[in-house]
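Presented below is the structure to which this report refers.
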Number of protein chains: 2
Amino acid sequence: MSPAAPMLVTEPAAIAALVGAARDRGRRVGFVPTMGALHEGHASLAAAAVEACDDVAVSIFVNPTQFGPHEDFQRYPRSLEADCRLLAARGVRWVFAPTVAAMYPPGNATRIVVEGPALPFEGALRPGHFSGVATVVHRLFRLVPADRAYFGAKDWQQTVVVRRMVADLGLPVTIVVLPTVREADGLALSSRNAYLSADERRRAVGLHAALVEADSGWSAGTPVETLEARMRRMIEAHGIAVDYASIVDPESLAPLQPAGPDTGSPGAGCDGPAESGAIALVAGRLGRTRLIDNRLLATRRPPGTT
Amino acid sequence: MSPAAPMLVTEPAAIAALVGAARDRGRRVGFVPTMGALHEGHASLAAAAVEACDDVAVSIFVNPTQFGPHEDFQRYPRSLEADCRLLAARGVRWVFAPTVAAMYPPGNATRIVVEGPALPFEGALRPGHFSGVATVVHRLFRLVPADRAYFGAKDWQQTVVVRRMVADLGLPVTIVVLPTVREADGLALSSRNAYLSADERRRAVGLHAALVEADSGWSAGTPVETLEARMRRMIEAHGIAVDYASIVDPESLAPLQPAGPDTGSPGAGCDGPAESGAIALVAGRLGRTRLIDNRLLATRRPPGTT
């Protein structure tokens, strides 16, 4: 038996009423905000939401306010019918696909601005991007008052910014971040991979290869600066123009703090204390296509041990 | 019998629990956010809240993020004991007076930014002011989940910005705006009036005098530009340096639209259609003290009638 197609809802008031009524009946609601052009990464979020919740809503909205004036808003892939089929197979109940006019009614003038972890990396390269993300996610959370909202780790900085906003504004939702889904060669799934030519697609693996290399060097205690330079060289060797290739604190996205002399930890004086956790973030351009990826780094071997 | 003193609450979690519990018991909660140094204007807001609601909370918080680096945050008057006495006499139940550290915990990085009506006038002269106001009001509304929140019309643009934010973010609170309370000579009550020397205090009436003059000219059909120039001259004649003296739409704070040729209204071609409503906004400086005031203008006589 083929699964039931999700109900396609375009009116904000309608999705709010449907989800609100489910919550009022005591049902646990999961929510997956997306820009459509769904792939197996999105499908894994929807499947996890269906597993953990009674009813799941997926939004499909290519949000203009998170694109810069020279970015790919117009050509961003749209595939609503295929998206709905994919979500039906995962047991999603509602697909919320509003128009831009419905999401931004005339006269609206309020934005959410996150600073701190939103400032470096994508925030620096895409001015206004995270304000657009935070604002639309806030609006979606209001329309879809879910218990749990699901985001993919591929857009790591986005997950940090959303969690920061949720904490600061006291929004009543739990943010769940799930691992990046990858192609066989390691390329992170992204709707933007569709832009790549066959040659670009082959070279795109350079981002993941650099992350794997960094992870290995991190475990071996190689200094951060060495690893960052190595990532940069590997990415460039694949014909990718590097935007950044950095190892930072996974929550603040600030440079790792060397352990102070008073900590007494074996990592004192090294680039990152063994316990702290770190993430490698990379971004680069292949032709007109911009790709990002990241990897949480494994436990670091204290320097001076073998 | 003297009225009961309000409960003084400094912990955000405590006020949230108290107000939340009252709401859960079905009580209607009113809220008056203030920066303290309370005067009869604040007292009128508290009295109206007590009249309309079961329980009333007043916050007293001199919010640093709405002051510019060269503004009067440090010298802004603080008078918590006198404030509590004034509120006791009005039947207020809770006074919420948090510390700056409690309102802005380490790591918080999210601001609310309102554009549109927040951009001109105070928004242009005090960069970041309305973002500070919107952010702290949003935070206060979360801690004090009231049915109704009360603001004075003296800070007209602030009331527009707060109502804009409440609408855009879908906050579940009704905003009530009450008339400005004035001294016998017309000076609007303001905590900053305490800064004025005796001579400045005498001359401060120039703002109100200009508004009264504008209202009278508006009723008579005098063109907006004439009225704005007249207000400016009157304010300057009182030795007040004018920041602005403008007549605009009360909701958008944009210049009034001349009625188009297709409206057929008697006001066609004049400075503001008879039906539209208008507000005069003034701001000026007496020595180091900056004062603002405003007046909603009466119905305009159609031009060409007598």
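Read the figures in this text as sums done on the coordinates, not as results from a lab. Everything quoted here is computed from the prediction, not taken from an experiment. Because the Cβ atoms are built from the backbone with ideal geometry, glycine has one as well, and the counts that use them run over all protein chains shown.
Averaged over the residues of peptide A:103-110, the number of Cβ atoms from other protein chains lying within 10 Å of each residue's Cβ is 6. When DSSP beta bridges are restricted to pairs lying wholly in the protein assembly as shown, around 50% turn out antiparallel.
Mean per-residue shielding of peptide A:6-19 is 0, counting Cβ atoms of other chains within 10 Å of each Cβ.
Considering helices alone, the calculated mean residue ellipticity of the protein assembly as shown at 222 nm is -10500 deg cm²/dmol, with DSSP H runs of length four and up weighted by -39500 (n - 2.57) and normalised per residue. With the label put 7 angstrom out from Cα along the Cα-to-Cβ vector, A:Arg182 ends up 7.2 nm from the copy partners, going from closest to farthest. With contacts taken as Cα pairs under 8 Å and at least 6 residues apart, chain A reaches a relative contact order of 16 percent. Evaluated with a Cβ-only charge set (Lys, Arg +1; Asp, Glu -1), the stretch A:1-94 carries a dipole of roughly 200 debye about its Cα centre, given to the nearest 20.
The antiparallel fraction among DSSP beta bridges confined to chain B stands at about 45%. Each copy carries a label point for A:Gly68 at 7 Å from Cα toward Cβ; from one copy, the others' points are 3.0 nm away, ordered from shortest. For chain A, the dipole from Cβ point charges (+1 on Lys and Arg, -1 on Asp and Glu) about the Cα centre works out to 620 debye, to the nearest 20.
Arranged by the count of other C-beta atoms within 10 angstrom, fewest first, what order do A:Asp24, B:Asp293 take?
Values: A:Asp24 8, B:Asp293 26.
Starting with the residue having the fewest Cβ neighbours, the order is A:Asp24, B:Asp293.
Per residue, the average separation of C-alpha pairs within less than 8 Å and at least 6 apart gives the stretch A:7-178 a relative contact order of 30 percent. Ranking A:Met231, B:Leu207, A:Ala298 by how far each Cα lies toward the positive end of the dipole of the protein assembly as shown (charges on Cβ) leaves A:Ala298 at the top. Put simply, the amide H of B:Tyr244, placed in the peptide plane, has neighbours under 5 Å in B:Ala283, leaving out anything fewer than 5 places away on its chain. Axis-proximal residue of chain B for the rotation onto chain A, reported as residue and distance in whole Å: B:Val113, 3, based on Cβ position. Distance between the modelled labels on B:Ala82 and B:Ala298, one decimal in nanometres: 3.6 nm (7 Å Cα→Cβ projection).
Magnitude of the charge dipole for the stretch B:7-178, about its Cα centre and with charges confined to Cβ atoms of Lys, Arg (+1) and Asp, Glu (-1), is about 200 debye. Ranking B:Phe130, B:Met35, B:Ala109 by Cα position along the charge dipole of the stretch B:7-178, where only Lys, Arg, Asp and Glu carry charges on their C-beta atoms, puts B:Ala109 farthest toward the positive end.
Partner shielding of B:116-127 amounts to 1, given as the average count of beta-carbon atoms from other chains within 10 Å of each residue beta-carbon.
Tell me, rounded to the nearest percent, the portion of alpha carbon pairs in the stretch A:7-178 spaced more than 18 Å apart. Working shown, then result.
Numbers: 8765 of 14706 pairs.
Of all Cα-Cα distances in the stretch A:7-178, 60 percent exceed 18 Å.
Kirkwood-type hydrodynamic radius, the stretch A:99-143: 11.4 Å, calculated from all non-identical alpha-carbon pairs. Based on alpha carbons, the Rg and Dmax found for chain B are 20.4, 65 Å.
Based on the Cβ-Cβ distance from B:Arg233 to A:Ala102, what FRET efficiency comes out when R0 is 45 Å, to the nearest 0.05? Walk me through the numbers before you get to the answer.
Numbers: r = 48 Å, r/R0 = 1.07.
E(calc), rounded to 0.05, equals 0.40.
Residue-wise HN-Hα couplings along the stretch A:59-66, as the Karplus relation 6.51 cos²θ - 1.76 cosθ + 1.60 with θ = phi - 60° gives them from phi, are 9, 10, 8, 7, 7, x, 6, 9 Hz; Gly and Pro carry x. Note on A:Asp185 and B:Leu8: with the Förster distance fixed at 60 Å, the Cβ-Cβ geometry gives a FRET efficiency of about 0.40. Can you give me the long-range amide H partners of B:Arg28? Hydrogens built in the peptide plane at 1.01 Å from N, cutoff under 5 Å, separation of 5 or more residues or another chain. Here the answer is B:Asp54, B:Asp55, since their amide H atoms fall under 5 Å of that of B:Arg28. Label-point spacing for B:Ser252 across the identical copies (point 7 Å from Cα in the Cβ direction), in nm and ascending order: 4.5.
Can you pull out the trypsin sites (Lys or Arg not before Pro) in the stretch B:23-99 whose DSSP state is coil and whose Cβ has at most 16 other Cβ atoms within 10 Å? Display every interim value, and only then the final one.
On the way: sites: B:Arg23, B:Arg25, B:Arg27, B:Arg28, B:Arg75, B:Arg78, B:Arg85, B:Arg90, B:Arg93; in loops: B:Arg25, B:Arg27, B:Arg28, B:Arg75, B:Arg78, B:Arg90, B:Arg93.
Filter output for the stretch B:23-99: B:Arg25, B:Arg27, B:Arg28, B:Arg75, B:Arg78.
Extension gain, A:Ala198 to A:Arg75, is 42.4 nm, computed as 0.36 nm per intervening residue step minus the present C-alpha separation.
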